[in-house]
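Single-structure report; data block below.
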Amino acid sequence: MTKKTLILIGFIILKFVLQYVLISPEYDLQRDEYLHLDQAHHLAWGYLSVPPVTSWFSYIIFLLGNSFFWIKFFPALFGALTLLVVWKTIELLKGNLYALILGALGILLSCLLRINTLYQPNSLDILCWTAFYYILIQYITSEKPKWLYLAAVVFAFGFLNKYNILFLLLGLIPAILLSNQRKIVAQKELYFSLILGLILIMPNLLWQYNNHFPIVHHMKELAETQLINVDRIGFLKEQILFFIGSLFVIFGALYALLVYKPFKKYQLFFGAFIFTLLIFIYFKAKAYYAIGLYPIYIAFGAVFLSEILNNGWKRFLKPVFILIPLLLFIPMYNIAFPNKSPEYIVEHPEKYKKLGMLRWEDGKDHHLPQDFADMLGWKELARKTDSIYDLVPNKKETIVLCDNYGQAGAINFYSKKGIKAVSFNADYLNWFDLDIQYKNLIRVKDYDENNEELKETSPYFETAAIGGQITNRYAREYGTTIFVFTNAKININKRLEQEINEEKSDIIND
């Protein structure tokens, strides 16, 4: 085994270790993770929230026991593979051992440590961006058509994971047309590969068509509730923070793509970088959507810097450039991960506020970063729902109806009573079982200061009561209330079906 291979294995092992130690046991899973894990029980070619690939991995996790280890294993794996692809890109670009270490450190000690702690499509999305760019470099280097077909497969897989990869294509097309590589347009293999990619994503496109393109509704809702709060200047500031320890490497890559002779045939990557960022800015995208853009430029920059630092006094800068990401990781370790208790963060808010981490999607500052607050209160909710469910008569005729997908997913994940909670929110809209004739309702409601739910719903049941609330004041779900209604005086199923149809009608109309 060579020295290079041993170092690579060391980086990968360290990557996995860090992903597990950066999460304090005080935190539950994050809101989105519960939804993705529940998709394992409803396999389909598409969902209202995401394309199908996440559900495939969720099914594997379910078969492996749904444990915390396996839930966190797959995003860690995708992060490790991203590091591996960058390593292989550096080797392809003829980078030396120093370049390999510099590039690996840049990927390891970056925002990917945070992204890879969460079981969401983002980790695989970043891997697919990086792998696609690597394959494009392979094609430019060898001009072998097989790389075009492989690029189509990777793009299709990325598309079936997260539609965000379309931004890669939108940024790449003008970059290719304005570069010497536009000759690719004359290659028939390009069009065959495009057909292959279209065939691979067709099942999801058909699902979108058959369900009246809910992605349009989802994007409209996203724009109205979240993207409207996106500040374009803030977007650019966050780009700097994502790979701050390797910022000089990325700038080095952009400079090298313009002037460094060995990179002349890869100059389209300079245009791709600029065009892709401009498109993200134009659409007021969330800052993290662009993370997949950067790893490949760390590879270019590491190779370039390793060459220019080889001669004269510049050699003394080599250890400095290695130390920079290591030193900058220390403050990142202390603030960017859920490895501090909620109480600690509340008592030391200054550094979090300074970086804008306390600002949520509603545009307001809160006690904790939104992702951290989204990792609290779920076990409490499930435990209290189970206790109430135990007291309800005719359990098989009881429906647990939640306000949002996080509540439904958390109850389904943690429940020890086999509860299958539903919601009119996100994918749960399609998962109601109306074959059961419901007579009881457990209603999980967002913070309801005046108990309006009790006033509005109790007339339709013989008994009504408040069963409990989430009391963790740092949880995003703080105050969420559990109402219980038994022995319905009306046909609950008919009312549920009506509301489901109204929700689906809204999606269709959008």
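Things worth noting here:
- Radius 13 Å from Cβ of Asp448, net charge of other residues (Lys, Arg +1; Asp, Glu -1): -4
- Rg/Rh for the range 89-173, where both radii come from Cα atoms and Rh is the Kirkwood radius: 1.00
- Over the C-alpha trace of the range 414-462, radius of gyration and Dmax come out as 13.0, 34 angstrom.
- Summary value for the range 3-335: 23 percent relative contact order, contacts being C-alpha pairs under 8 angstrom separated by 6+ residues.
- Per-residue packing, averaged as other Cβ atoms within 10 Å, sorts the ranges 35-42, 12-19 into the order 35-42, 12-19, beginning with the highest.
- Cβ charges +1 (Lys, Arg) and -1 (Asp, Glu), total dipole of the range 1-46, debye: 540 debye
- Since only Tyr34, Ile7, Leu97 are under comparison, the one whose Cα sits farthest along the positive direction of the charge dipole of the range 3-335, derived from C-beta charges on Lys, Arg, Asp and Glu, is Leu97.
- Cross-link partners for Lys489 among the aspartates and glutamates, with Cα-Cα distance under 12 Å and sequence neighbours closer than 8 places in the same chain left out: Glu462.
- Residue list for the range 67-81, given a label point 7 angstrom along the Cα-to-Cβ vector of Asn339 and an amide N cut-off under 20 Å: 68-81
- Angle between the chain longest axis and helix 232-242 axis [Cα atoms, degrees, rounded to 10]: 70 degrees
- Share, in percent, of DSSP beta bridges within the chain that are antiparallel, nearest 5: 65 percent
- Amide H contacts for Ser49 (H built 1.01 Å from N in the peptide plane; partners 5 or more residues away or on another chain; cut-off under 5 Å): Asp427.
- Nonlocal amide H pairs with Gly468, under 5 Å, H built at 1.01 Å: Ile482
- Among the trypsin sites (Lys or Arg not before Pro) in the range 306-398, those located in a DSSP loop and surrounded by at most 14 other Cβ atoms within 10 Å of their own Cβ are Lys364.
- Förster radius 30 Å - calculated FRET efficiency between Asp386 and Asp231 (Cβ-Cβ, nearest 0.05): 0.10
- Between the C-alpha center of the range 398-430 and that of the range 116-167 there is a gap of 34 Å.
- Helix 268-282 and the long axis of the chain differ in direction by around 30°, with both axes built from C-alpha atoms.
- Rounded to the nearest 20 debye, the dipole magnitude of the chain is 2520 debye, with +1 charges on Lys and Arg beta carbons, -1 on Asp and Glu beta carbons, and the Cα centre as origin.
- With helices as the sole contributors, the chain gives -18500 deg cm²/dmol at 222 nm; each DSSP H run of n ≥ 4 counts as -39500 (n - 2.57), and the sum is divided by every residue.
- Sequence-distant lysines (8 or more away, or on other chains) whose Cα lies within less than 25 Å of Lys416: Lys72, Lys379, Lys384, Lys395, Lys396, Lys439, Lys445
- Between helix 318-335 and the chain there is an angle of about 10 degrees, using the helix long axis and the longest principal axis of the Cα atoms.
- Lysine pairs within the range 236-336, Cα separation less than 26 Å, 8 or more sequence positions apart or different chains: 6
- Positive dipole terminus of the chain, leading residue within Trp431, Met202, Leu323 (C-beta point charges): Leu323
- Antiparallel bridge percentage (DSSP; both residues within the range 378-509; nearest 5): 65 percent
Quick note: the coordinates plus some simple rules give every number you see, no bench work behind them. Being a predicted model, the structure only gives us computed values, none of them experimental. Positions of Cβ are generated from backbone atoms using ideal geometry, with glycine treated the same way; all protein chains shown enter the neighbour counts.
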